[in-house]
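The values are calculated or read from the model by the stated rules, or taken from the named source; none is laboratory data. Every value quoted in this text rests on a predicted model; they were computed, and no experiment measured them. Cβ placement follows ideal geometry from the backbone for every residue including glycine, while neighbour counts extend to all protein chains displayed. Quick note on the areas: whole protein, heavy atoms, side chains included, nothing else; ligands and nucleic acids left out. Shrake-Rupley method; radii C 1.70, N 1.55, O 1.52, S 1.80 Å.
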Amino acid sequence: MAYMSYVIGVDFGTDSVRALVIDATNGKEMATAVHYYSRWKQGKYCNPTESQFRQHPLDYLEGLEISVKKALAQCTPDVKSQVKGISVDTTGSTVVAINKQGVPLSLTSGFEENPNAMFLLWKDHTAVKEAAEINKLAKTWGGTNFTKYVGGVYSSEWFWAKTLHMLRVDANVRQAAYSWIEHCDWIPAVLTGVEDASQIKRSRCAAGHKAMWHEEFDGLPSEEFLTRLDPLLKDLRSRLYKDTYTSDIAAGNLSLEWAEKLGLSQEVIVGVGAFDAHMGAVGAQIEPYALSKVMGTSTCDMLIAPLSEVDGKLVKGICGQVSGSIIPGMMGMEAGQSAFGDVYAWFQQLLVWPVQQMLSRTSLIDAPTKAKLEEEITANLIDVLSEQAQHIPVTESGILALDWLNGRRTPDANQVVKGAVAGLDLGSDAPRIFKALVEATAFGAKSIIDRFVAEGIPIRSVIGLGGVAKKSPFVMQTLADVLNMPIKIARSEQACALGAGMFATVSAGIYASVEEASAKMGSGFEQEYKPVPEHATFYGQIYQKYCKLGVFVEKEMSSSE
Ligand SMILES: Nc1ncnc2c1ncn2[C@@H]1O[C@H](COP(=O)(O)OP(=O)(O)O)[C@@H](O)[C@H]1O
Ligand SMILES: O=C(CO)[C@@H](O)[C@@H](O)COP(=O)(O)O
């Protein structure tokens, strides 16, 4: 029974954190607030040319407090006093070294400004070498291949590669690190006031998809495998975890400190965390064999299947199949593209660069006007490009691009492959190149669906959510044409936070299951993009060329991970 109950869903994205206060009876979104990470916004602790992307835990703590308080400030005291649960989702694998008390090292003395003691964001690819070593050893050591439930290929975006890389490159971090933790496990531990690393409840979703945790292995990969990988990993397994928890489970009650900070009761239940895309898929009312695509900077493509229907099936080249990772009792499968909206953002930056340079040099206009101009151009450029690109006949452009600007997540993770633009001539203007980049991201999406189907997992429908799905009819129509499938767009502006709210209702005991919460709180779909048959036929041919270009670039332009 959900009489007068409210929950808070908190969604930690790549750039910002959003808090959403939701009516548990019907899913009505009562209030929302966003906070952009201040250190991250300044580019601190990152080095994109080295693929180093670090986030300071203070960005998360400040963002949590500010966003939740701002959202609650818009609610009546009645609503505030009836908040029953909070659940969070975060990006991942986004990991940090912690001390015995579970505190990230960058929050301890001497490590405040050390990027290696901060969270390694999902898109940090500094551990490419370690991922390659894991892949090699897994296939050659003669024991269990621990990559078998993560698609058979381990990625540098994931837990063990990042952890090992940090242990190798930073002796101070190595000496001070007691254990390591995912962002989605740390926030619930903070909110519930856990002060012992061994007591932190670890998410099934993060453990299964990124750390090769599986019941069949009795937890994480064996000590023998890990120490063979590198003796630096000796005994770490015993300081991590054996049990994992699905996100319908309570992590605990809100601590006194955080209850006071947020102005909530200590009776509020905090749920076990999970990744943004997983909770987003639930927020967008995922159902078996509906591919739920969270389309933002990257994409995460989520799928659920009844356990009995995929029993014994190993899906090659995806980012894992984990029982309960999305919905408890179902097999959760994840795939995705390491760059999606980021491909468009890259092109936008490329075009804005000369404008920035010229503006900084000219004396014709004053500084505030320059800043305003630059801001306006940046904010509108993708829309203007889309507007122009949609008037170019689908069959006209001969430009062909590859979307691997941040490596390839699926199929067959390889973070060292590169993007490409081919077929340029003197008529290749900005809208035409942009159109080719959009098509490339759509072809990348098709290759994921093709892999699922080839591995015996049918895709019956496609759901779109996330920034790009909401903002860009041009991208979505191109995607529908390339996939030759209709795409339904989730209505909620905040599907990930809404999904977190649904989990909060279950862990707080308001609803008995995630399915029930989703049925009661889901907000349905706002529109559907349908494929244009002639476009689909044309793109069917171009896709073959995209695949050939991919084979060439992978072989000639990048070394394998
Ligand atoms: N009008 C647009 N058309 C297509 N892509 C867009 C548009 N506006 C922004 N984007 C892309 O959306 C991405 C951000 O998506 P969003 O879902 O808001 O963020 P996040 O992935 O961090 O959750 C950026 O990579 C940006 O390039
Ligand atoms: O990789 C995962 C989940 O497995 C995501 O957290 C990661 O792609 C982050 O995506 P967004 O930046 O939130 O679009």
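Among the residues here, Asp311 qualifies as within 20 Å of Arg204 (Cβ to Cβ), more than 16 Å from ligand 1 (Cβ to nearest atom) and of a type in the set (Asp, Glu).
Based on what the data block shows, is Val95 within 26 Å of the chain's Cα centre (by Cα) and within 16 Å of ligand 1 (Cβ to nearest atom)? No. Quick one: would you say Ser255 is assigned by TED's automatic domain parsing to the domain that holds His214, of a type in the set (Ser, Thr, Tyr) and surrounded by 14 or more Cβ atoms within 10 Å (Cβ to Cβ)? Yes. Which members of the stretch 267-290 meet the condition of being within 16 Å of ligand 1 (Cβ to nearest atom), part of a strand (DSSP E or B) and of a type in the set (A, V, I, L, M)? Of everything in the stretch 267-290, just one residue is within 16 Å of ligand 1 (Cβ to nearest atom), part of a strand (DSSP E or B) and of a type in the set (A, V, I, L, M), namely Ala274. The numbered conditions (1) without any contact (Cβ under 8 Å) to a residue 24 or more places away in the chain; (2) open to solvent by less than 10 Å² (accessible area, probe 1.4 Å) are all true for Thr76 except (2). Leu483 passes every criterion in (1) of a type outside the set (Gly, Ala, Ser); (2) open to solvent by less than 30 Å² (accessible area, probe 1.4 Å); (3) without any contact (Cβ under 8 Å) to a residue 40 or more places away in the chain apart from (3). Among the residues of the stretch 296-318, just one is part of a strand (DSSP E or B), within 16 Å of ligand 2 (Cβ to nearest atom) and open to solvent by 10 Å² or more (accessible area, probe 1.4 Å), namely Cys300. Of everything listed in (1) within 23 Å of Ala339 (Cβ to Cβ); (2) out of contact with any helix residue (DSSP H, G or I) (no Cβ under 9 Å at 6 or more places or on another chain); (3) open to solvent by less than 20 Å² (accessible area, probe 1.4 Å), the single unmet condition for Arg451 is (3). Taken over the stretch 1-42, residues that are part of a loop (DSSP other than H, G, I, E, B) and more than 16 Å from ligand 2 (Cβ to nearest atom) amount to 11. Does Lys293 qualify as being in a loop (DSSP other than H, G, I, E, B), among the basic types (Lys, Arg) and either under 28 Å from the mean Cα position of the chain (by Cα) or within 16 Å of ligand 1 (Cβ to nearest atom) (or both)? It is false that Lys293 is in a loop (DSSP other than H, G, I, E, B), among the basic types (Lys, Arg) and either under 28 Å from the mean Cα position of the chain (by Cα) or within 16 Å of ligand 1 (Cβ to nearest atom) (or both). Apart from one condition, Ala504 fits all of (1) under 19 Å from Asp11 (Cα atoms); (2) within 13 Å of ligand 1 (Cβ to nearest atom); the exception is (2). Would the stretch 398-408 turn up any residue that is open to solvent by 50 Å² or more (accessible area, probe 1.4 Å), outside any loop (DSSP other than H, G, I, E, B), aliphatic (A, V, I, L, M) and within 16 Å of ligand 1 (Cβ to nearest atom)? Checking the stretch 398-408: at least one residue is open to solvent by 50 Å² or more (accessible area, probe 1.4 Å), outside any loop (DSSP other than H, G, I, E, B), aliphatic (A, V, I, L, M) and within 16 Å of ligand 1 (Cβ to nearest atom).
Val416 meets each of the listed conditions (1) among the β-branched types (Val, Ile, Thr); (2) part of a loop (DSSP other than H, G, I, E, B); (3) within 16 Å of ligand 1 (Cβ to nearest atom) apart from (3). Quick one: is Gly467 over 24 Å from Gly317 (Cβ atoms) and either open to solvent by 10 Å² or more (accessible area, probe 1.4 Å) or in the same structural domain as Tyr546 (by TED's automatic domain parsing) (or both)? The answer is yes for Gly467. Among the residues making up the stretch 486-501, a single one is touching a helix residue (DSSP H, G or I) at 6+ places or on another chain (Cβ under 8 Å), more than 15 Å from ligand 1 (Cβ to nearest atom) and more than 23 Å from Asp185 (Cβ to Cβ): Pro486.
Given the residues Ala490, Ala497, which is the only one that is within 17 Å of the chain's Cα centre (by Cα) and modelled with pLDDT of 95 or more?
Ala497
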